[in-house]
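Accompanying notes for the structure given below.
Nothing in this text is a laboratory measurement; each read-out follows from the coordinates by a stated rule. Everything numeric here is computed off the predicted structure, so don't read it as measured data. No Cβ is skipped: glycine too gets one built from the backbone with ideal geometry, and neighbour counts run over all protein chains shown.
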């Protein structure tokens, strides 16, 4: 049963529609991430859940109760913000204690809880320091402790790592996930960073222009995108238009080349579809460029990008299009710039999307 | 090195000229205040001024009124400036214009307006008794100090992330009074103190309103002594400066070494 539910949420700011009917269910203890580009509505959705914005339409349900009109201070939701939000006039300890003091918890309980949280975030020596005496990463850890201190019903995180450098970001996101798993707290996380979303979430919600494009596990979102937007936004993708040749065998025609694609099975011959292939599933071979290959796409290597373990090759194919293929960096030398190559993929490695309307 | 020294010379000259502009009249006044006894320097003028019971009474009266003005100003300005920043940013130019009005409308016009509206035959006869007249004078001083207090507080609010701090406090269960008193006010304390001491300086020396409302403030006392005595006004001027500088010194003591506003914001 859903613990937190967003039902038909709509919100506009002037002429801009930020949310166009968002429906979402979050299970108790789940870590769910709203992922999307700037302006997709993910932060607006989070702020509506927090109570900082009122929806124009729709409801927010928490544990079966409608909390749409409940003020933020009465929702019992801990929030970590993108900007550093610690109270500058208070020590780290006082910041963490703030919510407990408001709830008039006894001092012994406050002291115990604060001690636990400082141990949990790994900053036991920072209790007497002021926010300006802490690094960005420490400040966000502290903000997390402060949000957790009140034992919130839902933990909300609004791009909490975006102001940090790459190394701290990776370290801290792992800590956030560890703490969330230990506490089993229902968490709604907002980010525009797909790697971040994929690495820490139970489920990811990809949003675009105020709508949900796809909801699924990180593996589903990456491996089986259901819309062109998701396919393009999450990871690097090759996608090309093709025509179904044989819906029984699973074959398409792409610029006169017959390609095996299991995902078109059951589709009517002649139907136009978008075939989606990840760069890492493409297998490259050198060719002499004279013969048209069977079941593969031919092209010429036009650039190399070294990414560490893999090298990303850009391959110019027919009709001015290009393919991206990842090959192990130790093998990249076999495909120098200018080399003629053929690219193949396993029939079950490609996904198929319907052509977007228009 | 020499080039650097030569490059700084104009700046030093300007500083020197500015210092002379301020200190020569002050030194002249101080020197004059010491000439009460013919043929030798003495502190006689200061002794006479300090011995005058009206001095203590008027300074005390004005100081109490200044404190009341500061309290009223803070109560009025901090929530207003905070709310304008948080929820009504479009109204900011309007409020700024209103707060600037006391600079362009002379105090005498304001006080005559008060006398017409709040005289003893009006619906709200604030000039009907001494205490209510004191209240009216305090409100008048709040108006006079508004440009300084509002600007100081607004500048302080600009230096902190009002929206995020407010939302953080709200998500932790804080109501509006908690947010204002425990989160916003402590983080604009420096700015509030600046406005408070400017207010103090204004109220201590104010003459027009206190005189026309016939209240025993320090400003009218200064004027009275200035019109009737030779050396005591100079001594009083120096004492006034000392009071103002003491206020500035207090500001430095309060602000120094305290965590908060600037240091804690990013």
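Things worth noting here:
- Remark: mean inter-chain Cβ contacts per residue of A:43-51 equal 1, using a 10 Å Cβ-Cβ cutoff to other protein chain atoms.
- Mean Cα-pair separation over length for the range A:212-358, i.e. relative contact order, pairs under 8 Å, 6 or more apart, %: 25
- Ordered from longest to shortest, the equivalent ellipsoid semi-axes for the range A:181-256 are 32, 13, 11 Å, each the square root of 5 times a Cα gyration tensor eigenvalue.
- Relative contact order for chain A, counting Cα pairs under 8 Å that sit 6 or more residues apart, in percent: 15
- Part-to-part distance (alpha-carbon centres) for the range B:175-198 and the range A:88-154, which is given in Å: 23
- Divided by 2.2 N^0.38 Å, where N counts the residues, the Cα radius of gyration of chain A comes to 1.20.
- With an a/c value of 1.5 or above and a/b not larger than b/c for the gyration tensor axes a ≥ b ≥ c computed over the alpha-carbon atoms, the range B:5-96 is described as oblate.
- Within 10 Å of each Cβ in A:72-83, the average number of Cβ atoms from other chains: 5
- Debye-sum result for the range A:91-155 in log10 I(q)/I(0), which assumes one identical scatterer on each alpha carbon, at q = 0.14 Å⁻¹: -0.34
- The radius of gyration of the Cα set in the range A:208-358, together with its Dmax, comes out at 15.7, 49 angstrom.
- Using alpha carbons only: equivalent-ellipsoid semi-axes of the range A:1-145, gyration tensor based, whole Å: 32, 18, 14
- Centroid-to-centroid separation of the range A:319-358 and the range A:231-250 [C-alpha atoms, Å]: 12
- With a simple spin-label model that places each label point 7 Å from the Cα along the Cα-to-Cβ direction, the separation between residue B:48 and residue B:124 comes to 4.4 nm.
- Computed from Cα atoms, the angle from the helix A:136-149 axis to the main principal axis of chain A rounds to 60 degrees.
- With helices as the sole contributors, the protein assembly as shown gives -14500 deg cm²/dmol at 222 nm; each DSSP H run of n ≥ 4 counts as -39500 (n - 2.57), and the sum is divided by every residue.
- Here the relative contact order of the range A:84-129, from alpha carbon pairs under 8 Å that lie six or more residues apart, stands at 50 percent.
- In terms of its alpha-carbon gyration tensor, the range B:145-189 comes out prolate; a/c meets the 1.5 threshold, and the first ratio a/b outweighs b/c.
- Pairs of Cα atoms in the range A:119-162 fall into 10 Å distance bins, from 0 up to the last occupied one, in shares of 25, 55, 20, 0 percent.
- Crossing angle, helix A:166-183 versus chain A [Cα axis fit, 0-90 degrees, rounded to tens]: 60
- Evaluated at q = 0.12 Å⁻¹: base-10 log I(q)/I(0), Debye formula over Cα of the range B:80-183: -0.58
- Rounded, prolate or oblate (a/c below 1.5 giving rounded, otherwise prolate when a/b exceeds b/c) for chain B by Cα gyration tensor: oblate
- Pairwise Cα distances in the protein assembly as shown exceed 36 Å in 59 percent of cases.
- This ranking places A:175, B:206, A:196, A:290 by how few other beta-carbon atoms lie within 10 Å of each, fewest first, which gives A:290, A:175, A:196, B:206.
- Every pair of different Cα atoms in the range A:27-105 enters the Kirkwood calculation, which places the hydrodynamic radius at 14.9 Å.
- Converting the Cα gyration tensor eigenvalues of the range A:106-262 into ellipsoid dimensions via √(5λ) gives semi-axes, longest first, of 45, 15, 12 Å.
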